[in-house]
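Okay, structure first, notes after.
The values are calculated or read from the model by the stated rules, or taken from the named source; none is laboratory data. These figures come from a predicted structure and were not determined experimentally. With ideal geometry, Cβ positions are generated from the backbone for all residues, glycine too; neighbour counts draw on all protein chains shown.
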Amino acid sequence: MPISGGCVCGKVRYESTEDKAGGGICHCDDCRKTSGTGHAAHAFFPADTITFSGEMKTYDHKSDSGNTLTRSFCPECGSSVLSQTTGMPGMTAVRVSSFDDPDRYSPMMVVYNKRAASWDKQQADIPHFDEMPPADG
């Protein structure tokens, strides 16, 4: 069964050919501010396994790692839907908060853990990194 989701107003929708999703929980300043809470959860998909419908606006900026990060969101309701980074070419990160069924996601790591608010702690059974770990290890 494909993973699907979209924005709050329904004008942006997506579907992936993947049947499960893994990814990370991020406490960087950018993710905290764009999520409206202490972290953001992202599921990573090869870009060619996910299709989107509806118009999205984008915002590009340099991330903490120095890569260019492009965030895409619904221009109508403002929901964050996806992001792409030059540090992970060919991959699309989808906000788990936009999943139709968020239980289809399994976090594999927590990044920028040193920036986590004292009240926003994640499950202890996955790796926690103070910053972003190297992509090759």
Study note, to complete from the structure: Taking segment 1-29 and keeping only residues that are without any contact (Cβ under 8 Å) to a residue 40 or more places away in the chain and either within 14 Å of the chain's Cα centre (by Cα) or over 11 Å from T49 (Cβ atoms) (or both), one is left with M1, G10
Study note, to complete from the structure: Within segment 101-137, of all residues that are within 25 Å of D19 (Cβ to Cβ) and among the charged types (D, E, K, R), the one surrounded by the most Cβ atoms within 10 Å (Cβ to Cβ) is R104
Practice item. Only residues that are more than 18 Å from L82 (Cα to Cα) and among the aromatic types (F, W, Y): list them for segment 96-121, please. Key: Y112, W119
Point to revise | Scope segment 69-105; condition of a type in the set (S, T, Y) and either modelled with pLDDT of 95 or more or within 22 Å of P2 (Cβ to Cβ) (or both); matching residues | key: T70, S72, S79, S80, S83, T92, S97, S98, Y105
Exercise for review: Determine which member of the set H27, H42 is in contact with a His (Cβ under 9 Å, 6 or more places away or on another chain) and either under 19 Å from S106 (Cβ atoms) or at pLDDT 95 or above (or both).
Suggested key: H27
Practice item. May I ask you to say which residue of S63, S98 is buried (at least 16 other Cβ atoms within 10 Å of the Cβ), small (G, A, S) and either closer than 17 Å to C28 by Cα or in contact with a helix residue (DSSP H, G or I) (Cβ under 7 Å, 6 or more places away or on another chain) (or both)? Key: S63
Point to revise | Search result, residues across segment 103-137 that are of a type outside the set (A, V, I, L, M) and either without any contact (Cβ under 8 Å) to a residue 12 or more places away in the chain or part of a strand (DSSP E or B) (or both) | key: D103, Y105, S106, P107, S118, K121, D125, H128, P134, D136, G137
Point to revise | Condition check for M88: assigned to a strand (DSSP E or B) and under 22 Å from H128 (Cβ atoms) | key: no
Review point. In segment 48-68, what count of residues is obtained for those that are among the polar types (S, T, N, Q), over 18 Å from V12 (Cβ atoms) and modelled with pLDDT of 90 or more?
Key: 1
Exercise for review: Could you name every one of the strands (runs of 3 or more DSSP E) located completely within segment 1-60 that has at least 3 residues being hydrophobic (A, V, I, L, M, F, W, C)?
Suggested key: 21-26, 40-46
Practice item. Among the residues of segment 81-95, count how many are in contact with a Ser or Thr (Cβ under 7 Å, 6 or more places away or on another chain) and surrounded by fewer than 21 Cβ atoms within 10 Å (Cβ to Cβ). Key: 4
